[in-house]
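Let me begin by presenting the structure, written as structure tokens, before commenting on it.
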2 protein chains.
Amino acid sequence: MYILHDNTESGNAYKVRLLLAQLGEPYRTIQYDVTNGETRTPEFLNRINSNGRIPVVEFPDGRFLAESNAILYYFAQGSDFFPTDRWDQAEVMRWMFFEQYSHEPFVAVAKFILTMLPPDSPRRADIPALHEKGYAALQIMEDRLQDHDYLVGDKYSIADIALFAYTHVAEMGEFDLSPYPAIRTWIKRITQTPGFIPMYPEDWKK
Amino acid sequence: MYILHDNTESGNAYKVRLLLAQLGEPYRTIQYDVTNGETRTPEFLNRINSNGRIPVVEFPDGRFLAESNAILYYFAQGSDFFPTDRWDQAEVMRWMFFEQYSHEPFVAVAKFILTMLPPDSPRRADIPALHEKGYAALQIMEDRLQDHDYLVGDKYSIADIALFAYTHVAEMGEFDLSPYPAIRTWIKRITQTPGFIPMYPEDWKK
């Protein structure tokens, strides 16, 4: 069985949990407290991921695959969650690289600072700059979603999963999603896809 | 013919120039002065890339593909530069996402600040933090390359192209590559691959 090296607060890890749930792929998780340095121990760095990050998937044969979007790519191959058209495949990649470069470093990091660090953390000073860049990323998504149901083609794919993870909890980083109606409709649409599981089961509000 | 919306100082754009050269794919380029806001004009944002970045490839049918590593992925399909094995394909993705999240924002940005901004730029204060994180990324590459010729499998791929682009000019960002002998050997190995073209033709030192 696959082992997901996981953290419940990580949107990057949730991407993997969501895809594996929608694929019906069984796995078990090992949880790490990221703020406590549990992914920076010598054991973790030597055996699991030298980059000191989760998620990592451990395969039954003992191999490890890091980087959330690479994991999505691996598991989505040959499934309904990855398009067959070459152009659409490239567009999935375009959105996934956009997510890691232009969205996650701002939308996810604001959530991290505001929910995981103490209220007197000096990193709170970063919030205005994170909001500015995060809103720019949200606007790019809004523009696409104003006349499309999903990010690529007409179909739900790992591009949507990759962007959904931190977008749907952007308010935890004090982003206001009310000026983004297309994003809010898309979030609701994704929660209605078959096999959807929430990031925070106990807190989920319908 | 393909049009590459390009900038000669951009390692991300050079990735595309290198792959297209090695594929023997003809294209023409349009150059943008990034520091002058030429990729942030309304025309560029509306027509070419709403994210305001190069490289972007314009296809003969008028479509645009953004994100350097998504462009590599598109053109490498079915070529020797993308593996056929599913695990190796995922590892290519793992290294390309590593590049955009854990390498480029530090190694490339240090080069940008030190070579493109004025010497009294306040962003020079970021250099120590960029060096710390950039060296961490270089060490991860060094560990892999100590006992492998290339980043994935035994073969040159777009993972190498993606990481080569900014690594081989890391010294322009005042990174010292002397403690990374495996990286230095790998850089030399890549310059000897068939069809290789340098990033800066006129300045290239053998």
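All of the numbers you see were taken from the coordinates with simple rules; none came from a lab. Only a predicted model underlies this, so the values are computations on that prediction, with no experimental measurement involved. Virtual Cβ from ideal backbone geometry, glycine too; neighbours counted across all protein chains shown.
Remind me, relative contact order of segment A:64-185 in percent, using alpha carbon pairs under 8 angstrom and six or more residues apart? Can you show the working numbers first?
Numbers: 113 pairs, mean separation 41.9, N = 122.
Over segment A:64-185, the number comes to 34 percent.
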- Partner shielding of A:61-69, as the mean number of partner chain Cβ atoms within 10 Å, equals 4
- Given 0.36 nm per residue, what is the gain on full extension from A:ARG40 to A:GLU25 after removing their alpha carbon distance, in nm? 2.6 nm
- Looking only at other chains, what is the average number of their beta-carbon atoms within 10 angstrom of each beta-carbon in A:133-140? 1
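By counting other Cβ atoms within 10 Å of each Cβ, how are B:ASP6, A:ASP160, A:ASP33 ranked from fewest to most? Can you show the working numbers first?
Working: B:ASP6 21, A:ASP160 25, A:ASP33 11.
Ranked by crowding around the Cβ, least crowded first: A:ASP33, B:ASP6, A:ASP160.
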- Task: Just need log10 I(q)/I(0) for the protein assembly as shown at q = 0.06, 0.08, 0.11, 0.12 Å⁻¹, Debye formula, equal scatterers on the alpha-carbon atoms, no solvent, rounded to two decimals.
- Result: -0.23, -0.41, -0.83, -1.01
- Message: Taking the beta-carbon count within 10 Å as an exposure proxy, list A:THR115, B:THR39, B:THR84 from fewest neighbours to most.
- Response: B:THR84, A:THR115, B:THR39
- Note on the structure: On the formula 1/(1 + (r/R0)^6), with r taken between the Cβ atoms of A:THR191 and A:ARG47 and R0 of 41 Å, the FRET efficiency rounded to 0.05 is 0.70
- Message: Connecting C-alpha atoms closer than 10 Å in a GNM of chain A, tell me which of A:ASN49, A:ASN12, A:ASN69 has the biggest fluctuation.
- Response: A:ASN49
- What average count of beta carbons from other chains do you get within 10 Å of the Cβ of residues in A:46-52? 3
- Starting from the exponent 0.38 and prefactor 2.2 Å, build the expected Rg for segment A:2-76 from its residue count and divide its actual Cα Rg by it. 1.01
- Mean 1/r over all different Cα pairs, inverted: what Kirkwood radius does segment B:37-122 give, in Å? 15.4 Å
- Message: Using Cα springs under 10 Å in a Gaussian network model of chain A, which residue among A:ASP88, A:ASP143, A:ASP61 shows the largest mean-square fluctuation?
- Response: A:ASP61
- So which helices of chain B fit the span-like rule, where a helix is a whole DSSP H run, its Cα atoms reach 20 Å or more along the axis, and its mean Kyte-Doolittle is at least -1.0? B:127-145
- Query: Can you sort A:LYS188, A:LYS133, B:LYS111 by how many other beta carbons sit within 10 Å, fewest first?
  - Reply: A:LYS188, A:LYS133, B:LYS111
- Item | Of A:ALA170, A:ALA13, A:ALA129, the one that fluctuates the most in a GNM where chain A has Cα springs shorter than 10 Å | A:ALA129
- Rounded, prolate or oblate: pick one for chain B, where a ≥ b ≥ c are the square roots of the eigenvalues of its C-alpha gyration tensor, a/c under 1.5 means rounded, and failing that, prolate if a/b is larger than b/c, else oblate. oblate
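Just to verify a number: FRET efficiency for A:ASP176 and B:GLN139, C-beta to C-beta distance, R0 = 45 Å, to 0.05? Please report the intermediate quantities before stating the final value.
Working: r = 40 Å, r/R0 = 0.88.
Given R0 = 45 Å and the Cβ-Cβ separation, E is 0.70.
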- Got the relative contact order for chain A handy, in percent, Cα pairs under 8 Å and 6 or more residues apart? 23 percent
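What percent do you get for the relative contact order of segment B:2-76 when only Cα pairs under 8 Å and 6+ apart count?
On the way: 108 pairs, mean separation 28.0, N = 75.
Normalised by residue count, the contact order of segment B:2-76 is 37 percent.
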